[in-house]
Amino acid sequence: MNMELWTEKYRPPTLGGIIGQESIIESLTKFVETNNVPHCLFAGPPGTSKTTAAMALARDLFGDTFGRNFMELNASDERGIDVVRNQIKTFARTVPAGDAPFKILVLDEADHLTSDAQHALRRTMESYAASCRMILICNYSSRIIPPIQSRCAIFRFPRLNNDAIGERVQFIAKKEKVALDATGKDAILYLAEGDMRFAINLLQAASSAGEKVTETVVYAIAGKANPKAIREMLDLASEGDYEASLENLRSLVYQQGVSPVDLARQMHRELLRMEISESQKMAILEKSAEVEFRIGEGASGEIQISALLAHMGLEQGQP
Ligand SMILES: Nc1ncnc2c1ncn2[C@@H]1O[C@H](COP(=O)(O)OP(=O)(O)OP(=O)(O)O)[C@@H](O)[C@H]1O
Ligand SMILES: [Mg+2]
């Protein structure tokens, strides 16, 4: 069986192949055109093209000498000061190969570097800037010390929008000859929440059985509830049909195996979209936050969520 990950197989090799993130890609393309790249900091949530963009930038810039002028280190493997003293310095101080103006070092997951390592890095960034430019990648820029931030051009990668993810998922489905229907695609977009990697992995997992990828298949493989089922449960509770809403809850937990933590989070998401009065919504959201916290602390999911449903019924009729 071919176990190749589609996220790697379909990682765009060049800046031109990256979908979405237009303004960032525009700036990076200018760097390539002018043959000049400052030290950069890429920050943003998972699966939003940070590593892809860093590699594509270097590939576009170096062409044939990419292999000799580019190095990627993952700071979550080696987080201490030794990695800066040894690997980073050794790479940074040697002259670039071919006619490349400088080398590029990508430090992925740089927010995992210890504070000592980050302090050592700031000297290296300055001393060897002529021969090496760094691209630091992180999820949270607040974990990068200010002196490093001030040495970098900062790019914040937002979550990808549904158009970008939908386009890519459909492209891959076509290439891989996966039958993906509209409900399956919408389910992938709902669950991915702007994370391209998650969307592609979900498509690959959902298609592994060789069947048509529908919303039922996608929600089942992700172990999440169909938002329509959640919505129905919430509507029943707010209309005062408590028994029926409990039936739905039991079906989600016992028959579909959705975990209570996920259920509480999905309920929160649907509550935000319900058409009820602002004051009712606020009262229920407050309760829902409490329920989510208690479930996280180990309280029984079924008891907590049924209490929330009861609360919704009681709120009914309130101004
Ligand atoms: N804009 C994009 N266009 C097409 N594919 C993309 C795009 N962004 C991400 N991908 C796909 O998603 C995968 C994950 O993206 P990437 O590794 O760039 O995420 P990341 O932002 O570095 O996430 P993390 O913070 O988790 O490391 C890539 O291998 C690629 O297949
Ligand atoms: Mg990455």
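With Cα atoms as the point set, segment 206-319 shows a radius of gyration and Dmax of 14.6, 51 Å. Here the 3J(HN,Hα) profile of segment 122-135, calculated from phi with Karplus coefficients 6.51, -1.76 and 1.60 at θ = phi - 60°, is 5, 5, 4, 4, 7, 4, 10, 4, 5, 9, 8, 10, 10, 10 Hz, Gly and Pro shown as x. When ARG156, ARG151 are arranged by Cβ crowding within 10 Å, least crowded first, meaning fewest neighbours, the order is ARG156, ARG151.
Structure remark: mean-square fluctuation, Gaussian network model of the chain, C-alpha springs under 10 Å; the largest value among LYS185, LYS287, LYS103 belongs to LYS287. Taking the longest Cα principal axis of the chain as reference, the axis of helix 50-62 is set at about 30 degrees. Taking amide H positions as modeled 1.01 Å from N, with prolines and chain starts lacking one, the residues under 5 Å from GLU72 and 5 or more places away or on another chain are VAL106.
Rounded to whole numbers, the Karplus 3J(HN,Hα) couplings from phi for segment 175-188 are 4, 8, 6, 9, 7, 10, 8, 4, 5, x, 5, 4, 5, 4 Hz, using 6.51 cos²θ - 1.76 cosθ + 1.60 with θ = phi - 60°, and x at Gly and Pro.
Using alpha-carbon positions, what is the distance between the centroids of segment 75-137 and segment 171-185, in Å? The distance from the Cα centre of segment 75-137 to that of segment 171-185 comes to 41 Å.
Taken over segment 50-132, the alpha-carbon convex hull comes to 82 cubic angstrom per residue.
For LEU41, the amide hydrogen comes within under 5 Å of the amide hydrogens of LEU136, ALA153, ILE154, PHE155, counting only partners 5 or more places away or on other chains and with H modelled in the peptide plane.
Going by how many other Cβ atoms sit within 10 Å of their own, how do LEU5, LEU136, LEU180 line up, fewest first?
LEU5, LEU180, LEU136
Sorting MET274, MET3, MET267 from the fewest to the most surrounding beta carbons within 10 angstrom yields MET3, MET274, MET267. Note on segment 154-235: dipole from Cβ charges, positive end direction compared against ALA164, TYR219, ALA187; the farthest Cα belongs to ALA164. What angle, in degrees between 0 and 90 and rounded to the nearest 10, separates the Cα long axis of helix 301-315 from the longest principal axis of the Cα atoms of the chain? Roughly 60 degrees between the two axes. What the Kirkwood sum gives for segment 22-61 is a hydrodynamic radius of 10.6 Å, with every pair of different alpha carbons counted.
Estimated translational diffusion coefficient (Stokes-Einstein, Kirkwood radius over Cα pairs, 20 °C, 1.002 mPa s) of the chain: 95 µm² per second. Whole-Hz Karplus values for segment 140-145 come out as 10, 5, 5, 8, 9, 4 Hz, taken residue by residue from phi with 6.51 cos²θ - 1.76 cosθ + 1.60 and θ = phi - 60°; glycine and proline positions read x.
Coordinate-derived values only; no laboratory data. Remember, predicted model here, so these are calculated numbers, not experimental data. Glycine gets a Cβ as well: all are built from the backbone with ideal geometry, and neighbour counts include every protein chain shown.
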